[in-house]
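Sharing a structure with you now.
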Amino acid sequence: MELYPKSRYGLSQHVMLLILVIVVKILSTLLVLGFVNFHTAEAAKTSETIEFLAINCRKHSAVLTDFGGVGDGKTSNTKAFNSAIANLSHYASDGGAQLIVPPGNWLTGSFNLTSHFTLYIHKDAVLLASQDESEWPLLPALPSYGRGRDGPGGRFSSLIFGTNLTDVVITGGNGTIDGQGASWWEKFKKEKLNATRPYLIEVMYSDKIQISNLSLINSPSWNVHPIYSSNLLIQALTILAPIDSPNTDGINPDSCTNTRIEDCYIVSGDDCIAVKSGWDQYGIKVGMPTQHLVIRRLTCISPDSATIALGSEMSGGIKDVRAEDITAINTQSGVRIKTAVGRGAYVKDIYVRRMAMKTMKYVFWMTGDYGSHPDPGFDPKALPQVTAINYRDMVAENVTYSARLDGIRNDPFTGICISNVTITLTEKPKELQWNCTNIQGITSRVMPPACDLLPKKEPTDCFFPDDRLPIEDVKLKTCSFSIAA
């Protein structure tokens, strides 16, 4: 009798037992592997990979919570932001770094950026500006302004601030920056401020800056203020403020060169975009123009101000501004030029086309007596030159005044060209539709007909440049990071 009888397949029971043990081990291993794979899949579900477009991607990445950030809407994160950026600045020469603001409500005062750096605000993150003035450092007045705008002193640092920077990206998945500006507006209205209210984002003396894909709301004053900077890309911003909030300008390029502003939606208590370059003798002394600026695909709502304002602080000069595909709704004016005796410098080579306006007080507005000087020290002989202003291909509906164009006595605004413009008036329009003094130029295919100082010259298409600015050819890269969900 065999100790281990053979099976029907000719194998002994001992061998069959060994095979069974091996099969069980294999199955157990597969089950373990399946268990591990299941948890790996679950782990993958707990992280989120985010892609975004930027002028440069970064080698290193960190999350605000790595530096003690608390997103409860009550705890101050000013120290966390400053600590994070100080630590990440060490990677500037090693591929740069990015700081991720994850979902949550992040209360913070002012903090400073660093070069070769990205600040990314998650779509479910809100930066809440602190209402504690001690969290807003005081800065001296800007050299080209000579004083603060809200008072004779300096100014509060902006919420997100940087100076002498290179290669910086401020972006997000349409995350929100809430300036909580109501208390600041109240102080301003009651004249309780000795320093200028903070802005939400300001960069100075900087190059290669991107600000994009964010919602900015309730700024204490201006929202985005690049100054003395170059190669700026400002895209896909939603900027919202109550229409009666004081000086909540949307985007204010100031003494900047080579700037691209596009695909923005702005509701404001002041100008949606205000192009500037310094104030009277201070701006003349600094002498830095805003030039080579393209603005396109902008939608503006501002019942008391302009869609695009050129000035009034333009004492460093404004030239080569190209605006196209602009929509204005319930806005005081289209493109407005604001200047005065004492400003000096120039506004010239301005090109605007394809603008649609609905419910407007003015379509065209130029002001040569804006006034508003920083102090009595301005030079009354410093007369601004306003020339080569081109508007074409526009439609406006429900308009009160077609135009108010007031140059300066003995210093007329010249080279004004307006072509292919159709204006439909409100039910109660002003009787004098074109109010013109101290201007020179021509019109073509404009209804209702312009004033005598802008005679018809048919057929004419006002000039718009065919060349491209260098900033228009900047290509963005696809960047990504992973974050715990």
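The values are calculated or read from the model by the stated rules, or taken from the named source; none is laboratory data. These numbers come from a predicted model, not from an experiment. Counting neighbours? That spans all protein chains shown, and the Cβs are built from the backbone with ideal geometry, glycine included. To get the accessible areas, we keep the full protein, side chains included, count just its heavy atoms, and leave off ligands, DNA and RNA. Shrake-Rupley method; radii C 1.70, N 1.55, O 1.52, S 1.80 Å.
How many residues does the stretch 250-260 contain that are within 30 Å of GLU186 (Cβ to Cβ) and either outside any loop (DSSP other than H, G, I, E, B) or in contact (Cβ under 8 Å) with a residue 60 or more places away in the chain (or both)?
Looking only at that region, the number is 2.
Would you mind stating whether CYS300 is modelled with pLDDT of 95 or more, within 24 Å of THR176 (Cα to Cα), over 11 Å from the mean Cα position of the chain (by Cα) and assigned to a strand (DSSP E or B)?
Yes: the conditions hold for CYS300.
Then there is this: If only one of CYS451, CYS462, CYS479 is in contact (Cβ under 8 Å) with a residue 24 or more places away in the chain, within 30 Å of GLU48 (Cβ to Cβ) and hydrophobic (A, V, I, L, M, F, W, C), which one is it?
CYS479
When you go through (1) open to solvent by less than 80 Å² (accessible area, probe 1.4 Å); (2) free of Cβ contacts under 8 Å to residues at least 24 places away in the same chain one by one for ILE423, which number turns out not to apply?
(2)
From ILE295, ILE301, ILE284, ILE273, grab the single residue that is open to solvent by 40 Å² or more (accessible area, probe 1.4 Å) and β-branched (Val, Ile, Thr).
Criteria check complete, one pass: ILE284.
Hey, another quick one. Which count do you get for residues in the stretch 247-263 that are over 14 Å from ARG296 (Cα atoms), open to solvent by less than 10 Å² (accessible area, probe 1.4 Å), touching a strand residue (DSSP E or B) at 6+ places or on another chain (Cβ under 6 Å) and of a type in the set (S, T, N, Q)?
2
Output the residues belonging to the stretch 113-134 that are surrounded by fewer than 17 Cβ atoms within 10 Å (Cβ to Cβ) and either within 20 Å of the chain's Cα centre (by Cα) or in a strand (DSSP E or B) (or both).
Once the filter is applied, which keeps residues that are surrounded by fewer than 17 Cβ atoms within 10 Å (Cβ to Cβ) and either within 20 Å of the chain's Cα centre (by Cα) or in a strand (DSSP E or B) (or both), the stretch 113-134 yields LYS123, ASP124.
Okay, next question. Could you list, in sequence order, all residues of the stretch 178-199 that are of a type in the set (S, T, N, Q), open to solvent by 30 Å² or more (accessible area, probe 1.4 Å) and not in a loop (DSSP other than H, G, I, E, B)?
SER183
So which residues in the stretch 442-482 are buried (at least 17 other Cβ atoms within 10 Å of the Cβ), in contact with a Phe, Trp or Tyr (Cβ under 8 Å, 6 or more places away or on another chain) and under 27 Å from VAL363 (Cα atoms)?
Matches in the stretch 442-482: ALA450, CYS451, LEU454, CYS462.
Suppose the filter is farther than 29 Å from ILE261 by Cα and touching a Cys at 6+ places or on another chain (Cβ under 9 Å); does LEU453 pass it?
yes
Can you name the number of the only condition in (1) surrounded by 22 or more Cβ atoms within 10 Å (Cβ to Cβ); (2) of a type in the set (Asp, Glu); (3) in contact with a helix residue (DSSP H, G or I) (Cβ under 8 Å, 6 or more places away or on another chain) that GLU202 fails?
(3)
Ok, one more. If only one of ALA396, ALA403, ALA388, ALA382 is touching a residue at least 12 places away in the same chain (Cβ under 8 Å), touching a helix residue (DSSP H, G or I) at 6+ places or on another chain (Cβ under 9 Å) and of a type outside the set (Phe, Trp, Tyr), which one is it?
The match here is ALA382.
Within the set of pairs 6 or more residues apart or between chains, which connect a residue that is under 20 Å from SER305 (Cβ atoms) inside the stretch 225-244 to a residue that is part of a strand (DSSP E or B) and among the small types (Gly, Ala, Ser) with Cβ atoms less than 8 Å apart?
The qualifying pairs are ILE234/SER212; LEU237/SER212; LEU237/SER215; THR238/SER215; ILE239/SER215; LEU240/SER215.
Within the stretch 217-239, can one find any residue that is open to solvent by 10 Å² or more (accessible area, probe 1.4 Å), part of a loop (DSSP other than H, G, I, E, B) and aliphatic (A, V, I, L, M)?
Checking the stretch 217-239: not a single residue is open to solvent by 10 Å² or more (accessible area, probe 1.4 Å), part of a loop (DSSP other than H, G, I, E, B) and aliphatic (A, V, I, L, M).
Restricting to the stretch 465-476, count the residues that are in contact (Cβ under 8 Å) with a residue 24 or more places away in the chain and within 20 Å of ILE211 (Cβ to Cβ).
Residues that pass the stated criteria total 6.
For the stretch 152-161, check the following and say yes or no: at least one residue is open to solvent by 10 Å² or more (accessible area, probe 1.4 Å) and within 18 Å of the chain's Cα centre (by Cα).
Looking through the stretch 152-161, at least one residue is open to solvent by 10 Å² or more (accessible area, probe 1.4 Å) and within 18 Å of the chain's Cα centre (by Cα).
Follow-up. Taking only the stretch 349-388 into account, find how many residues are within 19 Å of GLN433 (Cα to Cα) and either at pLDDT below 95 or polar (S, T, N, Q) (or both).
2
Shifting gears a bit: Could you tell me which residue of the stretch 135-151 is farthest from LYS276 (Cα to Cα), considering only residues that are without any contact (Cβ under 8 Å) to a residue 60 or more places away in the chain and open to solvent by less than 30 Å² (accessible area, probe 1.4 Å)?
My answer is GLY151.
Among the residues of the stretch 363-399, how many are open to solvent by less than 10 Å² (accessible area, probe 1.4 Å) and among the aromatic types (Phe, Trp, Tyr)?
Within the stretch 363-399, residues that are open to solvent by less than 10 Å² (accessible area, probe 1.4 Å) and among the aromatic types (Phe, Trp, Tyr) number 2.
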